[in-house]
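Each remark here refers to the structure printed beneath this line.
The values are calculated or read from the model by the stated rules, or taken from the named source; none is laboratory data. Keep in mind the model is a prediction, meaning the values are calculated, not measured. Counting neighbours? That spans all protein chains shown, and the Cβs are built from the backbone with ideal geometry, glycine included.
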Amino acid sequence: MQNTKIICPIKRFKKFNKIRLHHEGTHTLVISGLILVIINATCFLTMGKTIPSYLVLVLSIVAYAIMVNFFRCPIRYFNGDTAGIVVAPADGKVVVAEEVLENEYFHDRRLMISIFMSLYNVHANWFPVDGYVTNVKHEDGNFHKAWLPKASLENERSTVTIKTPEGHEVLVRQVAGAVARRIVSYARENEECYIDEHLGFIKFGSRVDIYLPLGSNLMVKLGDKTVGDMTIIAKLPDNNG
């Protein structure tokens, strides 16, 4: 295991939620837009200005609006000291908050927090802690519904392990869902990472799991809603325990 680098604090501006579209959606939005234009043009050319044509137009607008909403990418900056803080890596709902046995990397017991992202949540993911990326691993797998417990072990997933300046190891796992077919991770081994930086992106419904050292103080419970890069979900132990 590599030694932790000394992490220098970065300047954080306190602006919040300026909206932009994530670059991961560019291809999807352009292709989908062209297809919908062709479909609607065909309907109006063949059926004229009829109720079915207008119905297709309305459904197309709604479907495209949902896709645009999905690829929202708010510009966010955490307001406060990040030492020992774990922020939510994603928008969504807490579906797991308990002690579990993590058998893929740590092979010991950890506190696990899982956040499920619905189709309507922002799907950009943020680093939950400041630190140093020690391991990145992508595994192909199944596409069970993301809220099921077996999804964390059997679905396609990307795992990133981070060592904090205090010496704690935090594991973040992006998990594909029944609809999600692509996980994008920007984390690279041997690079520093910070809260406020994007960890990656998951296309369509999915979840993110966070494994924390025992002794961490959970700040959320089952059913709580989280805002990525803003909601404090836990505080790490004061020592390296």
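Residues in region 79-115 that are out of contact with any strand residue (DSSP E or B) (no Cβ under 8 Å at 6 or more places or on another chain) and surrounded by 14 or more Cβ atoms within 10 Å (Cβ to Cβ): T82, A83. Within region 32-72, the set of residues being of a type in the set (S, T, N, Q) and assigned to a helix (DSSP H, G or I) comprises S32, N40, T42, T46, S53, S60, N69. Across region 98-121, the number of residues qualifying as part of a loop (DSSP other than H, G, I, E, B), touching a Gly at 6+ places or on another chain (Cβ under 9 Å), touching a residue at least 60 places away in the same chain (Cβ under 8 Å) and not aliphatic (A, V, I, L, M) comes to 1. Does region 4-27 contain any residue that is modelled with pLDDT of 70 or more, aliphatic (A, V, I, L, M) and touching a Phe, Trp or Tyr at 6+ places or on another chain (Cβ under 9 Å)? No, there is no match, as no residue in region 4-27 is modelled with pLDDT of 70 or more, aliphatic (A, V, I, L, M) and touching a Phe, Trp or Tyr at 6+ places or on another chain (Cβ under 9 Å). Among residues of region 71-97 that are free of Cβ contacts under 8 Å to residues at least 40 places away in the same chain, those with a Cβ under 9 angstrom from a residue that is part of a loop (DSSP other than H, G, I, E, B), sequence gap 6+ or separate chain, pair up as G80/R12; D81/P9.
Here is a check on your reading of the model: is Y54 farther than 29 Å from S206 by Cβ, at pLDDT 75 or above, surrounded by 11 or more Cβ atoms within 10 Å (Cβ to Cβ) and not assigned by TED's automatic domain parsing to the domain that holds Y186? Against the criterion (farther than 29 Å from S206 by Cβ, at pLDDT 75 or above, surrounded by 11 or more Cβ atoms within 10 Å (Cβ to Cβ) and not assigned by TED's automatic domain parsing to the domain that holds Y186), Y54 qualifies.
In a residue-by-residue description of region 228-237, the property of being in the same structural domain as V136 (by TED's automatic domain parsing) and touching a helix residue (DSSP H, G or I) at 6+ places or on another chain (Cβ under 9 Å) applies to no position.
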